[in-house]
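Read the structure below first, then the notes.
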Amino acid sequence: MSCSLCGSQTRDFSVTHKRTYSRCVQCDGISLHPSYYLSKQLEKQRYDAHHNDVNDSGYQSFVSPIIQSVVIDYDKTHKGLDFGSGSGPVVTMMLRDKGFDVQTFDPFFDPNTIALKTTYDYIICCEVMEHFYHPDKEFKLLRSLLNPNGTLYCKTNVYNDTINFDTWWYKNDATHVFFYTKKTIHWIKKEYNFNTVFIRENLITFKRETNK
């Protein structure tokens, strides 16, 4: 199969829980075979089961690195987008509580397509990019929505070869279909014309610093 991110050849990587995964020879991304993708109905049922509560202190602590980064990098005059905001948009709530201007978009819970017709100073994808069936399409969209000198904040678990993929808990969620290594992230930076990328634990920060 071809890589869903860069379109290059992949090699067999793992068969676990009766699901097949391949690893790209070019961008190093790890993808679930499309035959195992859930239908839209089953995918939404899985998200409904998350029971995300914006008042959950544990959830707020989980997203706090993103909140702290946005508050350091931007102020209330800047426009932000919570892309893939989910059923409980805790990132949006926490930033709005600080007076920040944040819009939301989620294909299942907030299909606000009007939000995709403007551009933003920063975009947040918190536990979203591992769900992309078509990551090439999604990163092109995200890049197009970002203003010059803008930032794309992505939170996901980054895979490395010290992890035993077959026993890795993060791949067990049936809606997690694409996994990123540091090499994949740097490939994204180059391919989609970001100027810099920083990886701090599982928070990835892509910076657009020019009009390119």
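The values are calculated or read from the model by the stated rules, or taken from the named source; none is laboratory data. Quick caveat, the model's predicted, so the values are computed rather than measured. No Cβ is skipped: glycine too gets one built from the backbone with ideal geometry, and neighbour counts run over all protein chains shown.
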For the stretch 118-133, check the following and say yes or no: at least one residue is surrounded by fewer than 22 Cβ atoms within 10 Å (Cβ to Cβ), within 15 Å of residue 194 (Cα to Cα) and in contact with a Gly (Cβ under 6 Å, 6 or more places away or on another chain). yes
Number of the exception - residue 35 against (1) of a type outside the set (Phe, Trp, Tyr); (2) surrounded by 11 or more Cβ atoms within 10 Å (Cβ to Cβ); (3) modelled with pLDDT of 95 or more; (4) not in a strand (DSSP E or B): (2)
Among the residues of the stretch 54-102, how many are in a strand (DSSP E or B) and among the aromatic types (Phe, Trp, Tyr)? 1
Limited to the stretch 157-187, what total is found for residues that are farther than 17 Å from residue 127 by Cβ and of a type in the set (A, V, I, L, M, F, W, C)? 3
Answer yes or no as to whether residue 206 is aromatic (Phe, Trp, Tyr), surrounded by 18 or more Cβ atoms within 10 Å (Cβ to Cβ), more than 20 Å from residue 86 (Cβ to Cβ) and touching a helix residue (DSSP H, G or I) at 6+ places or on another chain (Cβ under 9 Å). yes
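Using the structure shown, decide if residue 194 is surrounded by 17 or more Cβ atoms within 10 Å (Cβ to Cβ), touching a residue at least 60 places away in the same chain (Cβ under 8 Å) and not basic (Lys, Arg).
Numbers: surrounded by 17 or more Cβ atoms within 10 Å (Cβ to Cβ): yes; touching a residue at least 60 places away in the same chain (Cβ under 8 Å): no; not basic (Lys, Arg): yes.
Answer is no for this residue.
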Of the residues that make up the stretch 8-29, is at least one modelled with pLDDT of 95 or more, outside any loop (DSSP other than H, G, I, E, B) and under 30 Å from residue 92 (Cβ atoms)? no
Residue within the stretch 130-146 that is at positive phi and at pLDDT 95 or above present: no
From 62, 13, which residue is touching a Lys or Arg at 6+ places or on another chain (Cβ under 9 Å), surrounded by fewer than 17 Cβ atoms within 10 Å (Cβ to Cβ) and closer than 22 Å to residue 142 by Cβ? 62
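So for the stretch 150-161 (the condition being surrounded by 14 or more Cβ atoms within 10 Å (Cβ to Cβ), at pLDDT 95 or above and out of contact with any helix residue (DSSP H, G or I) (no Cβ under 9 Å at 6 or more places or on another chain)), does at least one residue qualify? It would help to see each step written out before you state the result.
Filtering the stretch 150-161 for residues surrounded by 14 or more Cβ atoms within 10 Å (Cβ to Cβ) gives 150-159.
Subsequent filtering for residues that are at pLDDT 95 or above retains 150-159.
Restricting the remaining residues to those that are out of contact with any helix residue (DSSP H, G or I) (no Cβ under 9 Å at 6 or more places or on another chain) gives 150.
Yes, the stretch 150-161 has at least one match.
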Would you confirm whether or not the stretch 70-79 contains a residue that is within 18 Å of the chain's Cα centre (by Cα) and either within 28 Å of residue 140 (Cβ to Cβ) or buried (at least 17 other Cβ atoms within 10 Å of the Cβ) (or both)? yes
Tell me whether the stretch 22-31 contains one or more residues that are more than 19 Å from the chain's Cα centre (by Cα), farther than 25 Å from residue 148 by Cα, of a type in the set (Ser, Thr, Tyr) and surrounded by 14 or more Cβ atoms within 10 Å (Cβ to Cβ). yes
